[in-house]
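A short worksheet on the structure shown next.
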Amino acid sequence: MVLQAVFMLFSAMAVGAALAVVTNKNIFHSALFLVVALLGVAGLYVLLEAPFIAVVQVLIYVGAISTLILFAIMLTRRLMDASERQRNEQWFISAIVAVGLFIVLVLSVGQVHWPVVHTDVPENHLNRLGQDLMEHYVLPFEVTAVLLLAALVGAIVIARERTR
Amino acid sequence: MAFLSDLLVNLWNWIAVQLDQFLPSWATALVMLFAAAVVIVVFLLLTVMFLTLLERKVVARIADRIGPNRVGPFGLLQPIADTLKLIIKENTEPAKADHPVFRLAPAVVATAALMPYAVIPFGRGMVGSDVNIGVLYVISISSLTVIAVLMAGWGGGNKYGVLGGMRAVAQMFSFEVPLALSIGSVALLTGSLSLVAITEAQRKLWLIVAQPIAFLVYLLCGAAEANRAPFDIPEAESELVAGYHVEYSGVRFAFFYMAEYINMFTTSAMATILFLGGWQGPFVERVPILSIAYFLAKVYGLVFLMIWVRATFPRLRIDQLLDLSWKVLLPLALMNLLVTAVVDKVAAQVRLSSTLTIGVFWGSNLVLVGVVALVLYLSYRRKRARGLNPHYQIHWH
Amino acid sequence: MLKTQTITLNLGPQHPSTHGLFRMVLTMDGETIVCLRPVFGYLHRGIEKLAETRTYLQNIPLTDRLDYICSMTNNLAYVIAVEKLAGIEVPERAEYIRVIMAEFTRVVNHLVAIGALLNDLGTFFTPMLYCLRERERILDLFEMTCGARMTCNYMRFGGVAADLPEEFVPQAREVIAGLYYWVDDLERLLTANEILLVRLQGIGVLPRELAINGSVTGPTLRASGVPYDVRKAKPYSIYDRFDFKIPTLDEGDCYARYLIRLAEIRQSLHILEQALQDLPPGEVQTKVSRLLRPPPGDAYACTESPKGELGFYLVSDGGISPYRFHVRAPTLINLTVLPDLVRGLRIPDLVAIIGSIDIVMGEIDR
């Protein structure tokens, strides 16, 4: 019962904040609401007894991605400039696409048979995760690493000051 | 005697037992949880108040002054006077501020500063919650601080604040990476991310002996994360006046001030736990209450070191700071992690004695330091060859 | 490079690193300074105009308030100008006392400059307080002689206001010996400090030509490799009697300016030793009317103040107050090269540069 209440709380937090992200006129506030939404999701992970995922969620999504978004807002926009128009001429088309996507997602979520395992979470799931990444999934892991490296190099090349 | 030897823990358990007699067990658990939170927060607030005094006194002594000595004996009541002043002061708020963000930022900063203490073991059996990913938790909380700093910098509607916020983000991002990597080698050796388990694993030997480089990297990055000199550029007084909290006054400013000192304490506490054996020390097994004394002594030692550094060194420039992080600390921490992994694995394979393993760690660390010194020296030579490092010969006329 | 929008940042007038009230309008690209526009005048007290309504003698305290760190050298420059205007002779002992006071003032100024520079770099007051502690010892000597520590009002036309007290010379010797030792100490603390080096070396390079074209003077000029010092170039008072050297450095950056100041402190101590050695007995003041009426005409006298060439241009119409009273303030002119120095650098560098060219707003705005 208590868990359910907490679940509702976190869900409301995530969903409400997510709504605020898209409805807010101030882009900086939107980014902050995104942080709240992500924190709500992290709370859900904690409820699912996946604290590692929760912490990683906070570390990467809140700590890195949201901060980068905030940072980018501060860098690219005219400082102290608050709100901006939220729509352009194509809002109608994108609304149709979004609604369509929503319907597809709802239908697929309703139709998929979700497997439920009735055992406890293994004690050493962290070790398992690490071993799996290094043994079974080493190729995707490495491919991701190379991709990120390429992105990093690309970013540096673009941002680099041409001195000579 | 047995009761006294572990006074705090036993007292705690006794209270819990008493409560249990007339409360349902979940209520007891809840009450004790809140009590623990209150105890930790109160302890931290008092610590912060007197850390400010300690810092002023130490800095004063280093600068050949006396320091605060008017309020109370040896100025001991100075922090109380300061706190009162900050509480009574008017909360100014700039008209152009982003008001909700501006008001929220101090609360977020203070919360983020207090949160790590949920998992930090102060002594044997004295930990809020022994999470098995405690280290990661502490690191991830520090990213909340970044958000709060950005909020403060932006919310004030002040360009100094925005600049300070941007500096803070650049700095905290850069230093989080080597920081996490240096903790990685600790996790590798102890086989756990739980702060309690890491402390227990250092019963025989502090990890600083096996991981001197990781310790140094951690300490530098920790100082940068906590915005301590010489890495205090986000709030550089002589450049950005106060950086991201330039527009704050009164209680709201006090929150930032408090968070800053708590962060310094957190960094020292984490360094103590990860590398200096946490609460481990002689006779801890027999007299567990000593553990908290050992822990605090080590933490205060590191705090003193940070204050000392602040009173002695100029601050770096932001680009130099990022250079240090990306070009020196990050490769160093990465190589250290690699070497630690290899040495650990090889030592386990060939069944080296633990003393020898330590020796090998020492040797590998020395080699690493040598390599870094060599690389730095070569780049220095190259710069000098290009005429960038002049000789500064005084001519007399 | 990715272009971001430039922002305008007002540094000052209230800012810890502007050494008074000084405003700089910065156009910045991120942290990089694209353009700097200095705005003076926040500390303008109308001293030059005020001086035209007061007698020559009454103007001496006004000069104290120009560069309030070194009132003695300001006094000296002014009285030399008046003496030139009115043709007043100065007794030998008074000349020696003037040199002693001027050189002590130079030490005081350079100590404050180095301390403030380190403060601007972010050292939390420690070197600053070490410097101020040593400065206090010299201020004790000033107080012993003229009763004031900062605004001394000590020099008079034709001499100085009062003779040195008996215990001055032994105590001055003690202070000098202590300073020799202590300057070495300061060097051990600072000169090879890695952070200090990366913060100061190669920052704010003032090329020789720009320094000359901008009429920069003082340590800032000498750090750019020009051996110009009024004490050698156009000796005033009795500076031609002493053995001292002018240090120069070729680099012209902040670190060079810092080194020059340390070297000049040592040279000043050397001069002081000689002056105390040769200090003759005798009068310290020739008789001059309190209501001085110099003959009509004009006079310009320049001296090497610790910050550069400090000159007073006086025009007399034969009355009791100057018809025109103009100050050639070294720091104002040194500051004119600032926009050229900071272009492309960052705020922390700007702060270091301002600290290293050593400004005092009291003298700039007058």
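The values are calculated or read from the model by the stated rules, or taken from the named source; none is laboratory data. No experiment lies behind these values; they were computed from the predicted model shown. When we count neighbours, we look across all protein chains shown, and the Cβ atoms used for this are built from the backbone with ideal geometry, even at glycine. Surface accessibility is based on the protein's heavy atoms, side chains included, excluding ligands, DNA and RNA. Shrake-Rupley method; radii C 1.70, N 1.55, O 1.52, S 1.80 Å.
Measure nothing but the geometry: give the 0 to 90° angle between the long axis through the Cα atoms of C:347-357 and the longest principal axis through the Cα atoms of chain C, rounded to 10°.
The angle comes out at about 20 degrees.
Heavy atoms only, probe 1.4 Å: what % of the accessible area of the protein assembly as shown goes to carbon and sulfur, would you let me know? Present the calculation step by step, with values, prior to reporting the outcome.
Working: 28120 of 42920 Å².
The nonpolar share, carbon plus sulfur, comes to 66 percent.
Between rounded, prolate and oblate, where does region A:125-164 land on the alpha carbon gyration tensor, with a ≥ b ≥ c its root eigenvalues, rounded for a/c under 1.5, else prolate if a/b exceeds b/c? Walk me through the numbers before you get to the answer.
On the way: a/c = 6.44, a/b = 3.63, b/c = 1.77.
Verdict is prolate for region A:125-164.
In 20 Å bins starting at 0, how do the alpha-carbon pair distances of the protein assembly as shown split up by percent?
12, 38, 31, 15, 4, 0
Taking the Cα centroid of region B:122-141 and of region A:5-21, what is the distance between the two, rounded to the nearest whole Å?
Cα centroid of region B:122-141 versus Cα centroid of region A:5-21: 27 Å apart.
For the B and C pair, go ahead and give the buried accessible area with a 1.4 Å probe, both sides summed, in Å² to 100.
Values: alone 20820 and 14870 Å², together 31990 Å².
That pair hides around 3700 Å² of surface in total.
Going by a ≥ b ≥ c, the root eigenvalues of the Cα gyration tensor, does chain B fall in the rounded group (a/c under 1.5), the prolate group (a/b larger than b/c) or the oblate group? Could the numbers behind the result be given before it?
Working: a/c = 1.73, a/b = 1.07, b/c = 1.62.
Judged from the Cα gyration tensor, chain B comes out oblate (a/c at least 1.5, b/c at or above a/b).
For region C:163-200, which GluC sites (Glu not before Pro) are both in a DSSP coil and crowded by at most 16 other Cβ atoms within 10 Å?
Sites meeting the loop and neighbour criteria: C:Glu166, C:Glu167.
Once each part is reduced to its C-alpha centroid, what is the distance from region B:33-106 to region B:299-328 in angstrom?
Rounded to whole Å, the Cα centres lie 22 Å apart.
Using a basic spin-label model with each label point 7 Å from the Cα along Cα→Cβ, how many nm lie between A:Met8 and B:His391?
8.1 nm
If you count, for every residue in C:247-253, the Cβ atoms of partner chains within 10 Å of its Cβ, what is the mean?
Values: counts 4, 5, 6, 6, 4, 1, 2.
Mean number of neighbouring Cβ atoms from other chains: 4.
Restrict the search to region C:1-79; then list the GluC sites (Glu not before Pro) that DSSP places in a loop and that have at most 16 other Cβ atoms within 10 Å of their Cβ.
Details: sites: C:Glu31, C:Glu48, C:Glu52; in loops: C:Glu31, C:Glu52.
Listed in order of number, the matching sites are C:Glu52.
For B:Lys204, go through the lysines and keep the ones whose alpha-carbon is under 19 Å away, minus same-chain ones fewer than eight residues off.
B:Lys298
Please compute how much accessible surface disappears when A pairs with B, both sides summed, using a 1.4 Å probe, and round it to the nearest 100 Å². The partial results should precede the final answer.
Values: alone 13770 and 20820 Å², together 32300 Å².
Chains A and B together bury roughly 2300 Å² of accessible area.
Could you order C:Arg37, B:Arg317 by accessible surface area, starting with the largest, using a probe radius of 1.4 Å? Don't jump to the answer; show the numbers that get you there.
On the way: C:Arg37 135, B:Arg317 20 Å².
Ranking C:Arg37, B:Arg317 by accessible area, largest first, yields C:Arg37, B:Arg317.
Can you grab the distance from the C-alpha centre of region C:101-175 to the C-alpha centre of region C:181-246, Å, no decimals?
The distance from the Cα centre of region C:101-175 to that of region C:181-246 comes to 20 Å.
For chain C, find the longest principal axis of its Cα atoms and tell me its angle to the long axis of helix C:71-86, 0 to 90°, nearest 10.
Taking the Cα atoms of chain C, the angle to C:71-86 is about 50 degrees.
Say each of A:Leu149 and B:Glu200 gets a label point 7 Å from the Cα, pointing the same way as Cα to Cβ; how far apart are those two points in nm?
It is 3.9 nm.
List the chymotrypsin sites (Phe, Trp or Tyr not before Pro) within region A:89-142 that fall in a DSSP loop (any state other than H, G, I, E or B) and whose Cβ has at most 14 other Cβ atoms within 10 Å. Walk me through the numbers before you get to the answer.
Working: sites: A:Trp91, A:Phe92, A:Phe102, A:Tyr137, A:Phe141; in loops: A:Tyr137.
Taking region A:89-142 and a limit of 14 other Cβ atoms within 10 Å, the loop chymotrypsin sites (Phe, Trp or Tyr not before Pro) found are A:Tyr137.
Could you order peptides B:59-71, C:106-118 by the average number of other Cβ atoms within 10 Å of their residues, highest first? Don't jump to the answer; show the numbers that get you there.
On the way: B:59-71: 15.5, C:106-118: 26.2.
The most tightly packed comes first, giving C:106-118, B:59-71.
Is the shape of region A:1-83 best called rounded, prolate or oblate, per the rule: a/c under 1.5 gives rounded, else a/b larger than b/c gives prolate, else oblate, with a ≥ b ≥ c the square roots of the Cα gyration tensor eigenvalues?
Values: a/c = 5.14, a/b = 1.78, b/c = 2.88.
Oblate, because a/c is 1.5 or more while a/b does not exceed b/c.
Averaged across C:7-19, how many Cβ atoms of other chains sit within 10 Å of each residue's Cβ atom?
Details: counts 6, 2, 6, 2, 4, 0, 0, 1, 5, 7, 6, 1, 0.
Across the residues of C:7-19, the mean count of other-chain Cβ atoms within 10 Å is 3.
What do you get when you divide the Cα radius of gyration of region B:248-350 by 2.2 N^0.38 Å, with N the number of residues?
Working: Rg = 18.9 Å, N = 103, 2.2 N^0.38 = 12.8 Å.
Ratio of Cα Rg to 2.2 N^0.38 Å: 1.47.
Please determine, in degrees from 0 to 90 and to the nearest 10, the orientation of helix C:92-121 with respect to the longest principal axis defined by the Cα atoms of chain C, where the helix direction is its Cα long axis.
Long axis of C:92-121 versus the principal axis of chain C: about 20 degrees.
Using packing as a proxy for protection, rank A:111-119, C:20-28 so that the peptide with the highest average count of other Cβ atoms within 10 Å comes first. Can you show the working numbers first?
Working: A:111-119: 5.6, C:20-28: 18.9.
Most protected by this proxy first, the peptides run C:20-28, A:111-119.
List for region B:42-70: residues with 10 Å² or greater reduction in accessible area, all protein chains versus chain alone, probe 1.4 Å?
Correct list: B:Val59, B:Ile62, B:Ala63, B:Asp64, B:Arg65.
What's the longest bit of chain B with no exposed GluC sites (Glu not before Pro), using DSSP loop states and at most 12 other Cβ atoms within 10 Å as the test? Could the numbers behind the result be given before it?
Values: sites that count: B:Glu90, B:Glu285.
With a cap of 12 other Cβ atoms within 10 Å, the longest stretch comes to B:91-284.
Could you estimate the translational diffusion coefficient of chain C from the Stokes-Einstein equation, with Rh from the Kirkwood formula over C-alpha pairs, at 10 °C and 1.306 mPa s, in whole µm²/s? Intermediate values should be presented prior to the final figure.
On the way: Rh = 21.0 Å.
For the chosen part, D equals 75 µm²/s.
Would you list which lysines come within 24 Å of B:Lys85, measuring only between C-alpha atoms, while excluding same-chain residues fewer than 8 positions from it?
Partners found: B:Lys57.
Taking amide H positions as placed in the peptide plane 1.01 Å from N, state which residues far from C:Met28 in sequence (5 or more) or on other chains have amide H under 5 Å from it.
C:Ile7, C:Thr8, C:Leu9, C:Val34
Just tell me which aspartates and glutamates come within less than 19 Å, Cα to Cα, of C:Lys49; anything on the same chain fewer than 8 places away is out.
C:Asp64, C:Asp67, C:Asp298, C:Asp317, C:Glu363, C:Asp365
Given a Förster radius of 51 Å and the C-beta distance between B:His99 and C:Asp184 as r, what FRET efficiency does 1/(1 + (r/R0)^6) yield to the nearest 0.05?
Details: r = 56 Å, r/R0 = 1.09.
Working from the Cβ atoms, E equals 0.40.
How many nm is it between the label spots at C:Arg173 and B:Val39, if each spot is 7 Å from the Cα in line with the beta carbon?
Modelled inter-label distance: 6.8 nm.
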